[in-house]
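Participant: So that we are looking at the same thing, I have put the structure below in structure tokens.
The values are calculated or read from the model by the stated rules, or taken from the named source; none is laboratory data. This structure is a prediction, so every number in the text was calculated from the model and none was measured. Here the Cβ positions follow ideal geometry from the backbone for every residue, glycine too, while neighbour counts run over all protein chains shown. Surface areas here come from the heavy atoms of the whole protein model, side chains and all, with no ligands, DNA or RNA. Shrake-Rupley method; radii C 1.70, N 1.55, O 1.52, S 1.80 Å.
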Amino acid sequence: LGDMVLGIFGSIFFLLMVCYVYCIWSRIPFATANLKTGCAAVRANCGITFLAYVVTAVAFGWTILWTVVMVGVQDKLITCEQVNGVNQCTSPNYGLLFLLFLSYFFTHQVLSNIIHVSVAGTVGTWWFMPGESGFCGGAVLGSFFRTITTSLGSVCFGSLLVAIIEALKQIAYTARDNDDMGQCIYCLVQCLLSCLEGILEYFNKWAFVYVGLYGYGYCEAGKNVMQLFKDRGWEAIIADDIVGTVLGMLSLVVGLICAGIGLLVTDRTDWFDAINLYMNDNGTFVKFMAGIVGFVIGFALCLIVMGVIASSVNSTIVLFAEGPAEFEENHPELSREMREAYLKIHPGCI
């Protein structure tokens with residue numbers, strides 16, 4: 001019976017995916033043109049990718065520092081003792097935990113959104129003033145400088161909203177593990193917070209494009225996002241979904257290739273023979289770990305680049321609606337491809 005139910009749900013899901021692909025099939029050329037334009041902008045300003053890796057390294061360092069602080073706080077505030085042979089610990093200070101989680105998620109959100117806004121500003125400069133492009137040209141450095149100065153308040157405000165929700169989710173998880181929250185209430189809270197988080201993150205993704213392009217405040221950028229969805233809502237959402245899916249699959253493929261390289265290295269070299277001898281193992285464990293490490297490294301490094309491209313594509317979608325004349329003047333070939341793809345969907349609209 002269980003297999004039959006799983007089969008029915010699998011079939012329904014497959015049919016829904018087929019219907020979705022059928023409905024968006026005509027939009028794929030436009031999404032492809034957006035992706036090509038976004039990649040061209042990143043390629044002309046590849047320094048923004050290097051900047052993304054630097055910020056990711058900073059985020060990794062912050063994670064290590066925060067973990068050390070978190071362990072120290074828990075060791076200081078939470079005490080455990082044996083009661084009738086059972087190890088019992090005092091309940092955590094949820095107010096302090098919330099502040100710790102908030103600091104962690106807020107910092108990561110700010111760092112991530114700094115890159116997103118910087119990419120948007122870089123693509124905007126490339127769109128309107130292609131002469132400023134370059135690895136460390138005015139487009140990259142100018143956009144990054146504006147992001148960490150005049151636009152930092154907008155970045156922090158939008159990041160704070162998401163960080164509060166993420167911190168509340170973590171608090172609910174901790175409360176459930178400590179039997180301070182029932183399972184049913186936990187599921188309801190997590191569902192509500194996850195929905196709010198998803199909506200806010202998607203809204204922020206577009207709002208920060210306007211922040212990076214025009215230097216708007218967060219609230220003003222939000223108004224422009226609503227106008228964008230009103231004018232070209234489904235086209236923007238579908239193009240973003242198609243491109244996001246492609247970039248995610250590409251990251252997965254790169255991770256699998258790197259996993260294969262890791263397995264090949266362990267099989268074709270004697271670099272890990274000492275480990276095999278020490279563990280008295282025939283190499284299975286080392287091959288497994290090499291595959292896992294290779295996949296994680298390849299997937300993570302590729303995901304950073306794909307994130308930059310995704311931000312560039314989002315900026316392209318906005319700019320195509322906001323400044324088509326400048327695009328035609330500065331990048332006529334790319335503009336022609338995007339216009340032709342858009343006209344296939346909406347004849348006579350341009």
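Participant: Can you tell me the dipole magnitude for the chain around its Cα centre, using point charges on the Cβ only (Lys, Arg +1; Asp, Glu -1), in Debye to the nearest 20? Present the calculation step by step, with values, prior to reporting the outcome.
Facilitator: Numbers: 16 positive and 26 negative charges, 92 e Å.
I would put it at about 440 debye.
Participant: Still on this model: Using a probe radius of 1.4 Å on heavy atoms only, what accessible surface per residue do you get for the chain? Whole Å² is fine. Spell out each step's value before the answer.
Facilitator: On the way: 19470 Å² over 350 residues.
Heavy-atom accessible area per residue stands at 56 Å².
Participant: Can you tell me how much longer the chain between Leu99 and Ser11 gets when fully stretched, taken as 0.36 nm per residue apart minus their C-alpha distance, in nm with one decimal? Walk me through the intermediate numbers first.
Facilitator: Numbers: separation 88, 0.36 × 88 = 31.68 nm, distance 4.48 nm.
Here the answer is 27.2 nm.
Participant: With semi-axes √(5λ) of the Cα gyration tensor in Å as the read-out, I listed (1) 35, 24, 17; (2) 39, 28, 25; (3) 38, 22, 21; which label goes with the value calculated from this structure?
Facilitator: Computed from the coordinates, semi-axes √(5λ) of the Cα gyration tensor in Å corresponds to (2).
Participant: Of the peptides 305-315, 163-173, how do they stack up when ordered by the mean number of other Cβ atoms within 10 Å, highest first? Walk me through the numbers on the way to the answer.
Facilitator: Values: 305-315: 24.3, 163-173: 19.5.
The most tightly packed comes first, giving 305-315, 163-173.
Participant: Quick one: helix 284-322 against the long Cα principal axis of the chain, what's the angle to the nearest 10°, folded into 0 to 90?
Facilitator: Taking the Cα atoms of the chain, the angle to 284-322 is about 30 degrees.
Participant: Given only helices, namely DSSP H runs of n ≥ 4 each adding -39500 (n - 2.57), what is the per-residue ellipticity at 222 nm of the chain, to the nearest 500 deg cm²/dmol?
Facilitator: The helix-only estimate for the chain comes to -29500 deg cm²/dmol at 222 nm.
Participant: Measure off, as a whole percent, the carbon and sulfur share of the 1.4 Å-probe accessible area of the chain, all protein chains present. Walk me through the intermediate numbers first.
Facilitator: Working: 13620 of 19470 Å².
Summing carbon and sulfur atoms, their accessible area is 70 percent of the total for the chain.
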